[in-house]
Protein chains: 2
Amino acid sequence: MTSRSDETLWQGSAWRLVGREIHLPGGVTRKKPIIDHPGSVVLLPLLEDRVVMVWQYRLALDQSILELPAGTRHPGEAWEECAQRELREETGYRAAQFVSLGHIWPGPGLTNEQMRLYLATGLTLDPLPQDEDEQIEIRLLPLEPLLRMALDGDLEDAKSIIGIIRAAHHLKI
Amino acid sequence: MTSRSDETLWQGSAWRLVGREIHLPGGVTRKKPIIDHPGSVVLLPLLEDRVVMVWQYRLALDQSILELPAGTRHPGEAWEECAQRELREETGYRAAQFVSLGHIWPGPGLTNEQMRLYLATGLTLDPLPQDEDEQIEIRLLPLEPLLRMALDGDLEDAKSIIGIIRAAHHLKI
């Protein structure tokens, strides 16, 4: 969602920073910074009983962390098209089926980014080139220990914690 | 974490947008945008068997959503000091105990923001004034239906989903 009052403060290739007016009680108006974002997909690809995870270097943290494959939607791109593209880019697999696991707001105080979560099944190899600024290794891990890690605090990435817990709930694990 | 290569692109009152150098294979260097953030706390305040939730207008979404109380750390503020301040500001309660439920990265592709989650118990009334740009209503809800909402996709806020699931796991619900 964008607003007519939005003033672009910084424009990037995937998202922009805007100043948006907020109307406070007493007739006062303020500008608040918002990251205006096209949204992203989060994938839980199942290869038999194992989840295709990624071990990814994150510049913001200066460390690698364990995550579900995910990526930002291109302008105008359909959600499932984005899901298939990101799956092929990050894992090298194409999925025959995507089952929705709902959506989340990762940071509603900061951004309108919506993340849509999908269980991806029926995987066959069909890679696309990785983004050149991404450093990703594939890790195949069974769902049950990942669920324990998500519950115990041993997974740290919010979207991955929720994707794993929702997938386990959906699959009645 | 900050980096010596950081170039400030935009400076706000709570966080800043920086361009940070990333070194790619082949000796190529690029600048990527990062939200440099002091971190935040997420609280699960328990009043007998009910969770003190907030129904909060989010400018980025132009809608109100159900969340756990949460807030951004002031520069140099200790985490539990921040937890007590945000709890008093948003709910009017002070807690006698904070139990850590671990930490999460809400958006590691975008920001170094770390969220630390706490179960807050032993609540007594001791309010601080709310931030004037926040529009918050308190909702008292039992933990068990909240857990079902978090699992079924009826809660949308990522930090709140994880806080509720981790608290239920910790309390063996």
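For B:Leu17, the conditions (1) within 25 Å of B:Ala150 (Cβ to Cβ); (2) in contact with a Phe, Trp or Tyr (Cβ under 8 Å, 6 or more places away or on another chain); (3) crowded, with 21+ Cβ neighbours inside 10 Å all hold with the exception of (1).
Only one of the listed residues (A:Gly122, A:Gly163, A:Gly153) is within 11 Å of chain B (Cβ to nearest Cβ), small (Gly, Ala, Ser) and surrounded by fewer than 23 Cβ atoms within 10 Å (Cβ to Cβ). That residue is A:Gly153. Residue-level check: of (1) more than 8 Å from every other protein chain (Cβ to nearest Cβ); (2) touching a Leu at 6+ places or on another chain (Cβ under 7 Å), B:Glu81 misses just (2). Flag: A:Gly39 does not match the condition of being open to solvent by 20 Å² or more (accessible area, probe 1.4 Å), touching a residue at least 60 places away in the same chain (Cβ under 8 Å) and within 16 Å of the chain's Cα centre (by Cα). In this structure, is A:Asp157 among the charged types (D, E, K, R), in contact with a Phe, Trp or Tyr (Cβ under 9 Å, 6 or more places away or on another chain) and within 21 Å of A:Gln56 (Cα to Cα)? Answer is yes for this residue. Per the listing A:Leu146, A:Leu117, the residue uniquely at the interface with chain B (Cβ under 9 Å from one of its Cβ atoms), in contact with a strand residue (DSSP E or B) (Cβ under 7 Å, 6 or more places away or on another chain), modelled with pLDDT of 95 or more and surrounded by 20 or more Cβ atoms within 10 Å (Cβ to Cβ) is A:Leu117. All conditions in (1) under 20 Å from B:Leu61 (Cα atoms); (2) free of Cβ contacts under 8 Å to residues at least 12 places away in the same chain; (3) open to solvent by less than 50 Å² (accessible area, probe 1.4 Å); (4) in a loop (DSSP other than H, G, I, E, B) hold for A:Arg4, with the sole exception of (3). Count of segment B:132-173 residues, restricted to those that are assigned to a loop (DSSP other than H, G, I, E, B) and free of Cβ contacts under 8 Å to residues at least 60 places away in the same chain, is 7.
Evaluating A:Leu87 against the criteria (1) open to solvent by less than 10 Å² (accessible area, probe 1.4 Å); (2) out of contact with any Ser or Thr (no Cβ under 9 Å at 6 or more places or on another chain); (3) within 14 Å of chain B (Cβ to nearest Cβ); (4) of a type outside the set (Asp, Glu) leaves one unmet condition, (3).
Of all the criteria given as (1) more than 7 Å from chain B (Cβ to nearest Cβ); (2) within 24 Å of A:His37 (Cα to Cα); (3) at pLDDT below 95, the one not satisfied by A:Asp133 is (1).
The values are calculated or read from the model by the stated rules, or taken from the named source; none is laboratory data. Worth saying up front: this structure is predicted, and the values here are computed from it rather than measured. Cβ coordinates were reconstructed from backbone atoms using ideal geometry, including for glycine residues, and neighbour counts include every protein chain displayed. The area values use the complete protein model at the heavy-atom level, side chains included, leaving out ligands, DNA and RNA. Shrake-Rupley method; radii C 1.70, N 1.55, O 1.52, S 1.80 Å.
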